[in-house]
Amino acid sequence: MDLALIPGVTIRINESDNVVIVIKPEGLKKQEPWSGNKMALEHVPMGHKLACLNIEQGDPIIRYGVTIGFAKVSIKAGAWVSNSKISMPEPPSLKNLPQPGTELYTAEPLTGYNFEGYRNKNGSVGTRNVLGIATSVHCVAGLAGHLATLVKKELLQKYPNVDDVVPINHTYGCGVAIESPLAQIPVRTLRNIIDNPNFGNQVMILGLGCEKLRPEQLIGEVNSNQSQILYMQDTDNRGFSEIFEAGLKMAEEHLSRLNHRKRETCPASKLVVGMQCGGSDGLSGITGNPVAGFASDLIVRAGGSVLFSEVTEVRDAAHVLAPRMTDKDVLDRFVGELKWYDDYLASGGADRSANTTPGNQKGGLSNVVEKALGSVVKSGTSPIVDVISPGEKVKKQGLSFVATPASDFICGTLQVAAGMNTHVFVTGRGTPYGLAMLPVVKVSTNSVLSKRWHDLIDIDAGEVALGLKTVEQKGWELFKYILDVASGKKQVACDRLKLHNDLVLFNPGPVT
């Protein structure tokens, strides 16, 4: 069906869609034209769906050329297709997915792009030079936070090449079934966070002494010397003052070694960029995520690595992603992760429908199916070369799926563990999310948010909806901005404002 859509008012994603999306910032008013002389039958907010033809009760609601639900009632053309009018379809079967390798798009390699980073002996490259103060148990979180504050205040200025001091606190370590098979997820997550390239193999570990998670389990190959561990219960230290002095001494030793690191020119192939979205709205799949996806393809073409995640936000798009898997092994591991998560949710009396938030729905996303189809767009079009289990490290260059919950904080934590050195976070509703150990580039899906949060948003992808820029133009802008941020030439908003979230471990195991 041909529609003479009015630019800047509505947009149709696929010619088979029976809904259009309102992109006008103030929404579409009742009796306002949306296509030629066709009028809206009621007010439709920005990001929400409007029926572009009559939809009978029980008919599919189609967006992105895919059924996102079924009409609970008859909906006239020009009416608001609100959340209450849509029932959610069953998830696609994991047994009959398309064959892998049937949609492997390759593009010319992208050469000549570099950034100024910190090289590590293991070949990884940091975008920052940070002293991490890790903890083996939440009991010592207060010590880690207090120590980091004082180190920054009294010592950091003596070591100009060190960017920051970051406590790596969490709520794990004791009161847990540490021998449970599922305990491997939070334990390996912590171990691999400590090995993140931005810490330069110079992380000190604070322990209590009686915890179940032994600090020695976190050392691995990063800190082969147990002198990197400080126990509060060490009998050699009397009182808090001596414990604290021992911590300051250990911190200064690490700062001295980190200060020898300097930025040097590194190829863009050393980027490991995590793509994530949160506070999504109806424009996320039209602007912010496609822009992130275009930048993702540029990074992969430059030889770099891109991570995309959030199991419940790819579950309903599994059939879209399967043909992009490079081989059967990758597809089998992908299906295994989705199946594990289906069972995990079921064991808690939930399913994927629990994903969408009131804010998502207020922004125009009716259900997780619609959300998933817009979410996966930030992975671009590159082949999916690997699937990474929660807490594991990235193994291959290119595009990898990192199996994580959709929770912003847990997803970000697991991407840090995977080796991410730069983060891209797409939001439509707005979030102050940020990480202290690496830069988080905030991309807004609509210009209303960018203008309102003028000092919180780094890139306004809403210009795409307004016809001011193309996805390609904004994708290149984001790619170049990532290089500048990774080089320390530009500072992201959440760093400028010191807005940083705590790390949150994924612990599906028993708590005792």
Review point. Roughly how many Å is it from the Cα centre of segment 305-329 to that of segment 334-394, as a whole number?
Key: 9 Å
Revision key, fill the gap. To the nearest 0.05, the calculated FRET efficiency linking Asp59 and Cys174 through their beta-carbon distance, R0 being 56 Å, is 0.55
Practice item. Give the angle, between 0 and 90 degrees and rounded to the nearest 10, that separates the Cα long axis of helix 328-347 from the longest principal axis of the Cα atoms of the chain. Key: 90 degrees
Check your understanding: Hey, what angle do you get for helix 288-301 against the long axis of the chain, alpha-carbon based, 0 to 90 degrees rounded to 10?
Key -> 60 degrees
Check your understanding: Regarding the chain, what is the average projected area of its C-alpha convex hull, in nm²?
Key -> 24.1 nm²
Review point. Which angle from 0 to 90°, rounded to the nearest 10, does the C-alpha axis of helix 408-418 make with the longest principal axis of the chain?
Key: 60 degrees
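For Glu242 and Lys489, what does the FRET efficiency come to when R0 = 35 Å and r is the distance between their Cβ atoms, rounded to the nearest 0.05? Write out the running numbers ahead of the final one.
Numbers: r = 43 Å, r/R0 = 1.22.
For R0 = 35 Å, the calculated efficiency reads 0.25.
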Review point. Do the alpha carbons of any pairs in Lys29/Lys362; Lys262/Lys442; Lys24/Lys469; Lys262/Lys396; Lys38/Lys362; Lys339/Lys362 sit beyond 23 Å of each other, and which pairs?
Key: Lys262/Lys442; Lys262/Lys396; Lys38/Lys362; Lys339/Lys362
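Fewest first, what order do Met204, Met39, Met232 take by the number of other Cβ atoms within 10 Å?
Arranged by neighbour count, lowest to highest, Met204, Met39, Met232 become Met39, Met232, Met204.
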Exercise for review: Identify all lysines with a Cα-Cα distance to Lys393 below 19 Å; exclude those on the same chain that are fewer than 8 residues away in sequence.
Suggested key: Lys121, Lys270
Revision key, fill the gap. FRET efficiency (Glu472, Val511; Cβ distance; R0 51 Å; to 0.05) is 0.60
Check your understanding: How big is the gap, in Å, between the Cα center of segment 53-130 and the Cα center of segment 440-512?
Key -> 19 Å
Point to revise | Stretchable slack from Gln157 to Ala4, in nm (0.36 nm times residue separation minus alpha-carbon distance) | key: 48.9 nm
Exercise for review: Could you run the Karplus curve 6.51 cos²θ - 1.76 cosθ + 1.60 with θ = phi - 60° over segment 495-512 and give me ³J(HN,Hα) per residue in whole Hz, x for Gly and Pro?
Suggested key: 6, 4, 9, 6, 9, 9, 7, 6, 6, 10, 6, 8, 10, x, x, x, 10, 8
Review point. If you look at just the Cα atoms of segment 197-288, how large are its Rg and its Dmax in Å?
Key: 19.8, 61
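No lab work stands behind these numbers, since they all come straight from the coordinates. Everything numeric here is computed off the predicted structure, so don't read it as measured data. Ideal geometry is used to build each Cβ from the backbone, glycine not excepted, and the neighbour counts take in all protein chains shown.
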